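Here the structure is laid out as structure tokens; the discussion comes afterwards.
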Amino acid sequence: MNDLRAERLQVMLSPEELAAIDDFRFKHRMPTRAAAVRELLKFGLAVADVDAAAGVKSSSFGVFGRGPDGHTQGAPGNED
């Protein structure tokens, strides 16, 4: 694999998603969040078979479920 990283990818994450990445990073003793994200992407791409139909919003592809007001499921005061 070419280690030249010429492209930057910006991703907005919920606090829960970021915590999950950090947990993975520390559990596997990864040096950076970026390294952990690349490793998780590698794992996901190896097993994923995503059929992203036209018109599907990117928010439909979150790590955790979304409530009607965004990433709020499991948040304090939002027991449904």
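Observations on the model:
- Scan of the stretch 6-42 for residues that are outside any helix (DSSP H, G or I), exposed (fewer than 10 other Cβ atoms within 10 Å of the Cβ) and more than 12 Å from the chain's Cα centre (by Cα), ordered by number: ALA6, GLU7, ARG8, LEU9, ARG29, PRO31, THR32
- Qualifying residue in the stretch 39-53 (condition: of a type in the set (A, V, I, L, M, F, W, C) and either modelled with pLDDT of 90 or more or touching a Lys or Arg at 6+ places or on another chain (Cβ under 7 Å) (or both)): yes
The values are calculated or read from the model by the stated rules, or taken from the named source; none is laboratory data. Keep in mind that this is a model prediction, so the values were computed, not measured. Cβ sites come from the backbone with ideal geometry, for glycine too, and all protein chains shown count toward neighbours.
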